[in-house]
1. How much accessible area per residue does the chain have, counting only protein heavy atoms and a probe of 1.4 Å, in square angstrom?
2. Within a Cβ distance under 13 Å of Val52, other residues only, what is the Lys/Arg minus Asp/Glu net charge?
3. Could you check the spin-label model distance between His284 and Ser196? Points 7 Å from the Cα along Cα→Cβ, value in nm.
4. So for Lys151, Lys100, what's the accessible-area order with a 1.4 Å probe, most first?
5. Can you give the FRET efficiency for Lys211 and Lys268, using 1/(1 + (r/R0)^6), R0 = 35 Å, r = Cβ-Cβ distance, to the nearest 0.05?
6. Of all beta bridges DSSP finds with both residues in the chain, what is the antiparallel percent, to the nearest 5?
7. Let me cross-check Thr308: its accessible surface, 1.4 Å probe, with only protein heavy atoms counted, in Å² to the nearest 10?
8. Restricting to segment 44-154, what percent of DSSP beta bridges are antiparallel, rounded to 5?
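The values are calculated or read from the model by the stated rules, or taken from the named source; none is laboratory data. Worth saying up front: this structure is predicted, and the values here are computed from it rather than measured. Don't worry about glycine lacking a Cβ; one is built from the backbone with ideal geometry, like all the others, and counts go over all protein chains shown. Accessible surface is based on the protein model in full, side chains and every heavy atom, while ligands, DNA and RNA are left aside. Shrake-Rupley method; radii C 1.70, N 1.55, O 1.52, S 1.80 Å.
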Amino acid sequence: MKKWLLLIAVSFFMPGIAFCSVGFSSLLDASDYARPLLLSIWYPSEADQLDVVGGNAVFRGEYAALDGPLVGRHPLIVISHGGLRSTNDSGAWLGAALAKAGFIAIEVNAPRPETPVVAVNEIWQRPRDVSRALSAILDSPVWAEHVDQKKVFVVGFALGGTAALSVAGAELDAGSYYQSCADAGPVGADCTWYASHNVALNQLDQDGFDKPGHDDRFASAVSIDPEYLEAFSQGSGPPLIPTLLISLGSEERKTSNLPLVENDLIDKATRSDGFAVCTDRGPHILLEEEGDAALCGVSPEVRARTHTQIVNKILSFLARSL
């Protein structure tokens, strides 16, 4: 049944093409000198020579043809992945999977906030990063001609999922957001970091926070296990475009109270499953470096199955939303 749904979704976006080889390229958007964005671009390609992209000692990379040829026009997805302090290309697994399904997938890599004083502004910076990424692609003579501008979407995970909801038109309630760390819940790690440096959520740039993040160039949005969800569900208007919220884990995350949002659930998953499959050494490295061992808390096979579920839900929703 799952494979059948996937093939229907893929054939909707890319008639006659079920799966493609993957190409990879990058583009630097320096339109904001203080916040350059490195865009990782995954796309369907006919190239045969593949290299490993996006991997490190903890997480496996993905196979792709560096600057492989791209032909035709394709739907486009902008991916905002996070973790507040995630490394570049944390969503490589998702970008590669969407490229295999016939999309151009753009992962947004912004500068990593090194201090809580800087990081507290990520809540409103990330939606603007998504919009900047789309503008950079559409303004590029290399990429613009390959984008089907009637099929442009945003997909976000964790803080990127919060950004996706903002881009879709949902608005954070300021009072609810400022109180988010009072009941740490799923954002506990970031709240602890802020508290250890005496930084409160209301110490952000208020002008930036108050500006709407909505971007009407996007046709649909998918938010995967977003952070600060409770701040959206109190006093917020609904998203302005079709929106899917995928919760990972019945205990860890609850569904949204936002009107007009379709809720889905992968009940045996956790937020850690939004990251790549771990290497054999990954769990040991995290323990040695006092990192979050939960990031590699399941077997590679289990995480790969969860990734397949996430991708299938995304493709099915985007096909139905149009």
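1. 44 Å²
2. Its environment carries a net charge of -2.
3. A separation of 2.6 nm, rounded to one decimal place.
4. Most to least solvent-accessible, the answer reads Lys100, Lys151.
5. So the FRET efficiency works out to roughly 0.35.
6. The antiparallel fraction comes to roughly 40 percent.
7. Here the residue's solvent-accessible area equals roughly 70 Å².
8. 25 percent
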